[in-house]
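The structure appears right after this line, and notes come after that.
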Amino acid sequence: MKIAIFSNDKQKSRMFRRKLMRELRRLDIVVTNQDPDIVITVGGDGTLLSAFHRYAHQIDHIRFIGVHTGHLGFYTDWRDYELPELVEALANDSGQSVSYPLLDVVIQYFDQTKEHYIALNESTIRRVNKTMKTDVYIRSELFESFRGDGLCISTPTGSTAYSKSLGGAVLHPRLEALQMAEIASINNRLFRTLSSPIVIAPDEDITLRPDAQEDYILTIDSFTHRERPISQVTFRVAKERIHFARYRHMHFWDRVEDAFIGSKQAHGKRGPQA
């Protein structure tokens, strides 16, 4: 088994990384960034997102493990003070994992070139200084003509991130679906949108065909793309999936409660492990 360790630059993360490397080498586990079987991220959700995009071309055979050294980690199962337990789990690894859907993004430019990406959380398209105008197609059928700041298309795991702040629903990650949420839409006598997040089935896709402008900002997770004028962007559930090595697994709704409500922690209660 080959393991890569991907950490942020904070002191606590660097210290954990050094200790983990020492323990893995003691067990004769290969620590390398080349073709790893497992990628352990040390930091938070942002660190895991960065690692995901670094290894996106290899995710069919990589499992991720998140260790969080900060205050909140939705993708991270382990805390920095649980090093002995994590090392023991790795020593007894039997390949157990859980997988979640990803977002497939195809960008077509007016010069007829295309780019393809996958996202773990979401993709957004917007204009900063002026109203964005785009036609929205679902399965090649015109659904609406959107006017507003932008649109956000998210995965089920990404439904707890930016999409939630836009009023989107929290989707269980076992659902094979995408969600589109509006960013400050304009609704009046001239322009009308659904004004509600929508959930797209796995055999459907969303295509945006914005007006020809050069100042669109398109994001893939935390990465921003400002390149050539965009002709259209198509979103669908990706064929690829992200795999997490889950030696223990907190129920999804316990994760949501812990991240956003915290009432169990305040009362000294913990939910069942599943």
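Condition check for residue 148 on (1) surrounded by fewer than 22 Cβ atoms within 10 Å (Cβ to Cβ); (2) under 13 Å from the mean Cα position of the chain (by Cα): one failure, at (2). Exactly one residue out of 128, 136 is β-branched (Val, Ile, Thr) and surrounded by fewer than 12 Cβ atoms within 10 Å (Cβ to Cβ), and it is 128. Residues that are farther than 19 Å from residue 178 by Cβ, at pLDDT below 95, among the acidic types (Asp, Glu) and assigned by TED's automatic domain parsing to the domain that holds residue 157: does the stretch 105-112 have at least one? Scanning the stretch 105-112, I find at least one residue that is farther than 19 Å from residue 178 by Cβ, at pLDDT below 95, among the acidic types (Asp, Glu) and assigned by TED's automatic domain parsing to the domain that holds residue 157, so the answer is yes.
Annotation note: of 162, 137, the sole residue that is of a type in the set (Ser, Thr, Tyr), closer than 19 Å to residue 53 by Cβ and not assigned by TED's automatic domain parsing to the domain that holds residue 46 is 162.
Taking strands (runs of 3 or more DSSP E) as the structural unit, those lying wholly within the stretch 194-264 and holding at least 2 residues that are within 18 Å of the chain's Cα centre (by Cα) and surrounded by 14 or more Cβ atoms within 10 Å (Cβ to Cβ) correspond to 198-200, 216-220, 230-244.
The values are calculated or read from the model by the stated rules, or taken from the named source; none is laboratory data. Since the structure is predicted, the reported quantities are computational estimates derived from the model, not experimental observations. Cβ: placed from backbone, ideal geometry, glycine included. Neighbour counts: every protein chain shown.
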